[in-house]
Every structure is written in C-alpha cells, then in structure tokens.
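Each reported figure results from applying straightforward, stated rules to the coordinates on display, with no laboratory input. All values reported here derive from a predicted model rather than from experimental measurement. Cβ sites come from the backbone with ideal geometry, for glycine too, and all protein chains shown count toward neighbours.
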Amino acid sequence: MELSQLNHFKQQLISQRDTLMASQQMAQSASEPVELDQSSVGRVSRVDAMQAQSMSVEATRLRQQQLRKITMALASIESGDYGHCQRCDEEIDPRRLAIDPAVTECVPCATQQE
C-alpha cells in the first residue's frame, strides 16, 4: 500500500475515533439510571425513559466496539501490518478499506465467516 493511502486511512481512523469519543461523552448522561418515583414521573413516561436508557446503553456498547476496532487499526498502521487480512494475510482491497478503514478481513474471508 502506498504511503499516501496509508496516511489517508490513518486520518480517517483518527477522525472517526475523535467523533466517536465526542459522541460517547455526550451520550453519557442518557445512560444514567432512571428514577422510579411515580409521583414525579408517570408510568408511561418512566417506561419511555427506561427504553431510551436501554437504547443508549446499546449505542454506547456499539461505539466502544467500534473504538476498539479503530484502536487496533491504528496500532496495525504503526506496526506495518495495516491493510492485510487477519485470516489469510492477503492485502485487503483499498476500496473495502475506503468504506471501513477499521476492517480486518478481506471480502472472501469475511464472506466465508458469514
């Protein structure tokens, strides 16, 4: 892979990481425990709040998972292994990396896994 492509993917990963971290900080308050005092919140509102909290917790989990993938991709750039499939060690098509620069498998290996 050319150095210019590698730098481009690195910048994309850093940008995605920064966006996810900012989103994570903003969403922290939405995942706080829901107050169960029915005198201040009606039953339907409480259920809505609990559902919103549950969705926020799942979104946080997905963001953390994506952050781990990005961190691993950035580490592989530093180690010189970026852009190679973790399963077969073939080079991952740059068009695939352009869609998701944190991807770790080539199309044939990812297809086999499904």
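Observations, loosely collected:
- Only Lys, Arg, Asp and Glu carry charge here, each on its Cβ (+1 for the first two, -1 for the last two); on that basis the chain has a dipole of about 280 debye about its Cα centre.
- ³J(HN,Hα), Karplus 6.51/-1.76/1.60, whole Hz, each residue of the range 46-59, x for Gly, Pro: 5, 5, 4, 5, 5, 5, 4, 5, 4, 5, 5, 4, 5, 4
- Nonlocal amide H pairs with Tyr82, under 5 Å, H built at 1.01 Å: Ile77
- In the elastic network of the chain, a GNM with C-alpha springs shorter than 10 Å, the most mobile of Ser76, Ser45, Ser23 is Ser45.
- Per-q log10 I(q)/I(0), the chain, q = 0.15 Å⁻¹ (Debye; single scatterer per alpha-carbon; no solvent): -0.73
- Pro101 sits among other residues whose Cβ lies under 12 Å from its own Cβ, and their net charge, with Lys and Arg +1 and Asp and Glu -1, is +4.
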